[in-house]
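Novice: Take a look at the following structure, please.
The values are calculated or read from the model by the stated rules, or taken from the named source; none is laboratory data. Bear in mind that the values here come from a model prediction, so they are computed numbers and not experimental data. A quick note on method: Cβ atoms are made from the backbone with ideal geometry, for glycine too, and the neighbour counts reach across all protein chains shown. Accessible surface is based on the protein model in full, side chains and every heavy atom, while ligands, DNA and RNA are left aside. Shrake-Rupley method; radii C 1.70, N 1.55, O 1.52, S 1.80 Å.
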Amino acid sequence: MSSLKDLFDKNQGWSERISQQDPDFFPTLAAQQAPQYLWIGCSDSRVPANEIVDLLPGELFVHRNVSNLVVHSDMNCLSVLQFAVEVLKVRHVMVVGHYGCGGVRASMDTRRHGLIDNWLSHIRDVYHQYRDLIGPWQDTAVQNDRLCELNVIEQAHNVCNTTIVQDAWDRGQPLTVHGWVYTLTNGKLTDLDFCVSGRDEIDPELDRAVSRVARVMRG
Ligand code: CO
């Protein structure tokens, strides 16, 4: 039986390194977590949440799934959101997609991929919604990039429409929802101009973000 010894060795080294730098780090962290941010990102191994924004353990609450989807009835994602907003009282929720997302590409593939096609149907819905903007599907890199962006915007929009976020705003709790995209080839994040801090901002910000994608699409 393999015990993945190399990973345990790496863990040992990491734990010792951190403790040497700051002996109080783990005891303090174990006592409480007070992150300001909830990151909803893709499961892709090349998009590690903490590293990208250079934050330490304890600073970022994270939910990841294939293609960073926020499905209205996904109890897993909604439970993370509820805990982050109501208990941890995060100030920001960011939906972070990435260019070259395999889930986004596979969503427009005519081939079958098994069970995951049911999950990817949510991205297909986004494509159909913005078909006029993206054009007939040819799976070009440009179309794929725009669908990655529109998918982020729609998922961030879904976050805003949850009872959890709406209730927080009704209570007067400060909470902002963002839509970002990550570029694998240079490690940089781009703000997709969707930044909503209250109910009244949802529609204008959605229009603003989609207009931005349309401008890029037109060149
Ligand atoms: Co992905």
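Novice: Name the residue, out of Pro174, Pro136, that is without any contact (Cβ under 8 Å) to a residue 12 or more places away in the chain and open to solvent by 30 Å² or more (accessible area, probe 1.4 Å).
Specialist: None of the other options fit; the residue is Pro136.
Novice: If you don't mind, there's one more thing I want to ask. Can you confirm whether Val165 is among the hydrophobic types (A, V, I, L, M, F, W, C), at pLDDT 95 or above and either part of a helix (DSSP H, G or I) or open to solvent by 10 Å² or more (accessible area, probe 1.4 Å) (or both)?
Specialist: Considered against the rule, which asks whether it is among the hydrophobic types (A, V, I, L, M, F, W, C), at pLDDT 95 or above and either part of a helix (DSSP H, G or I) or open to solvent by 10 Å² or more (accessible area, probe 1.4 Å) (or both), Val165 comes out as yes.
Novice: In addition: What helices (runs of 4 or more DSSP H) completely inside segment 1-114 contain at least 1 residues that are touching a residue at least 60 places away in the same chain (Cβ under 8 Å) and surrounded by fewer than 15 Cβ atoms within 10 Å (Cβ to Cβ)?
Specialist: Filter on segment 1-114 gives an empty set.
Novice: Are any residues in segment 177-193 open to solvent by less than 40 Å² (accessible area, probe 1.4 Å) and under 13 Å from the mean Cα position of the chain (by Cα), and if so, which ones?
Specialist: Matches in segment 177-193: Val177, His178, Gly179, Val181, Tyr182, Leu192.
Novice: Can you name the residue in segment 169-203 that is part of a helix (DSSP H, G or I) and out of contact with any strand residue (DSSP E or B) (no Cβ under 9 Å at 6 or more places or on another chain) and is also nearest to Ile134 (Cα to Cα) among such residues?
Specialist: In this case the residue turns out to be Asp203.
Novice: Of the conditions (1) within 27 Å of Ser79 (Cα to Cα); (2) without any contact (Cβ under 8 Å) to a residue 40 or more places away in the chain; (3) open to solvent by 70 Å² or more (accessible area, probe 1.4 Å), Arg215 clears all except one; give me its number.
Specialist: Against the list (1) within 27 Å of Ser79 (Cα to Cα); (2) without any contact (Cβ under 8 Å) to a residue 40 or more places away in the chain; (3) open to solvent by 70 Å² or more (accessible area, probe 1.4 Å), Arg215 comes up short only on (1).
Novice: Another question, then. Confirm whether His128 is open to solvent by 10 Å² or more (accessible area, probe 1.4 Å), in contact with a strand residue (DSSP E or B) (Cβ under 7 Å, 6 or more places away or on another chain) and either over 25 Å from Ser79 (Cα atoms) or not in a helix (DSSP H, G or I) (or both).
Specialist: no
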